[in-house]
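*Asks:* Below you will find the structure I want to go over with you.
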């Protein structure tokens with residue numbers, strides 16, 4: 001069951017998106033300011049602009065800002081992927097985490113790390129190829145779910161069951177690969193599985209941004225054709241849309257978005273489920289506004305989750321994925337029970 005979405009005028013959506021952008025920027029600056037030592041937000045801004053003391057510059061640029069930037073990119077990317085999946089499947093429960101995309105991406109990365117690590121746990125190839133491994137695993141994960149679902153892939157329960165099954169198999173294989181190793185950066189790989197943003201460096205952020213930005217632009221282009229995708233195949237073809245091919249394109253874009261988003265931060269779940277729902281509640285049914293709103297809310301959620309674990313559990317580093325799971329799991333159950341009541 002899709003939550004009630006208020007009708008919004010075309011002029012209100014940009015205003016609401018602007019407010020969401022400001023809120024995300026403020027939270028991001030707060031995420032850089034908070035830590036073992038408080039750095040005033042004006043000092044944070046000064047450091048980012050090239051000024052500031054040497055010690056503060058080190059803390060901001062090397063320790064705190066990278067985790068905030070990757071949280072924005074990863075959270076936003078997963079949210080946009082969830083928006084596309086929910087729209088193309090017409091299923092409010094669809095998300096990268098539920099449809100095996102995240103776990104498939106995790107398996108792709110761990111296989112990459114295990115296959116290309118030597119006995120001293122050193123990677124024998126460039127880390128640049130890690131997102132490609134995640135992309136291959138994510139694509140195989142979502143393909144397996146839809147192949148197993150067959151013609152009944154429109155069924156929310158059927159997709160859910162096969163998504164859980166594929167995800168469970170991928171998780172089991174990940175654990176096997178980690179046990180039989182060797183795996184490059186084993187301790188970081190274990191944290192990666194839980195979903196953490198604190199082990200990322202600027203090189204990995206650059207790789208993520210270079211791959212993610214074209215996919216986000218492609219998502220905006222794809223979003224313009226999403227309304228006709230609600231039609232049956234004959235009606236869609238009458239307006240110039242080859243529906244089966246378009247669906248494959250959307251699934252591929254969603255899988256690629258998820259893979260790039262989780263390639264270096266790990267299997268952070270439920271952001272791709274919650275953010276699109278909230279975006280539709282805030283900005284309405286506009287596809288482009290929904291994409292942008294989903295990105296902003298996904299970024300806000302993951303930056304906020306990382307800030308929460310840093311404030312509550314300092315000095316212990318707790319993966320941000322634990323917060324999204326604690327909040328997202330009950331929300332998912334609420335959606336599932338609501339859909340069951342709606343379907344009778």
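A short reminder: the numbers here are calculations on the coordinates, not readings from a lab. Not measured: the values here are computed from a predicted model. In this analysis, Cβ positions are derived from the backbone assuming ideal geometry, glycine residues included, and neighbour counts consider all displayed protein chains.
*Asks:* Counting pairs of alpha carbon atoms under 8 Å apart in space and at least six apart in sequence, what relative contact order in percent does the stretch 12-343 give? Spell out each step's value before the answer.
*Replies:* Details: 552 pairs, mean separation 102.2, N = 332.
Contact order relative to length: 31 percent.
*Asks:* Modelled label-to-label distance, residue 209 and residue 317, 7 Å Cα→beta-carbon offset: nm?
*Replies:* About 2.1 nm, to one decimal.
*Asks:* Placing one identical point scatterer on every Cα of the stretch 1-124 and ignoring solvent, what is log10 I(q)/I(0) from the Debye formula at q = 0.13, 0.20 Å⁻¹?
*Replies:* Rounded to two decimals, the profile gives -0.86, -1.08.
*Asks:* Now for a different question. Rank the residues 145, 245 as a footprinting-exposure proxy: fewest other Cβ atoms within 10 Å of their Cβ go first. Display every interim value, and only then the final one.
*Replies:* Numbers: 145 27, 245 9.
The order, fewest Cβ neighbours first, is 245, 145.
*Asks:* Rank the residues 202, 38 as a footprinting-exposure proxy: fewest other Cβ atoms within 10 Å of their Cβ go first.
*Replies:* Values: 202 13, 38 9.
Ordered by Cβ neighbours within 10 Å, fewest first: 38, 202.
*Asks:* Return a whole-number percent for the relative contact order of the stretch 203-324, with Cα pairs under 8 Å and 6 or more residues apart as the contact set.
*Replies:* Numbers: 86 pairs, mean separation 28.7, N = 122.
About 24 percent, as a whole number.
*Asks:* Once the Cα gyration tensor of the stretch 272-343 is found, what semi-axes does its equivalent ellipsoid get, as square roots of 5 times the eigenvalues, in whole Å, sorted largest first? Show your work: numbers first, answer last.
*Replies:* Working: eigenvalues 138, 65, 8 Å².
Largest first, the stretch 272-343 gives 26, 18, 6 Å.
*Asks:* Shifting gears a bit: Would the stretch 12-343 count as rounded, prolate or oblate if I go by the C-alpha gyration tensor, calling it rounded below 1.5 in a/c and otherwise prolate when a/b exceeds b/c, oblate otherwise? Could you put the intermediate results ahead of the total?
*Replies:* Details: a/c = 1.81, a/b = 1.27, b/c = 1.42.
In terms of gyration-tensor shape, oblate.
*Asks:* Run the quick spin-label model on residue 247 and residue 168: label points 7 Å from Cα toward the beta carbon, then report their separation in nm to one decimal.
*Replies:* Taking the simple label geometry, residue 247 and residue 168 are separated by 2.6 nm.
*Asks:* Okay, next question. Quick check on the exposure proxy: order 64, 158 from fewest to most C-beta atoms within 10 angstrom.
*Replies:* Details: 64 21, 158 16.
Ordered from fewest to most neighbouring Cβ atoms within 10 Å, 64, 158 come out as 158, 64.
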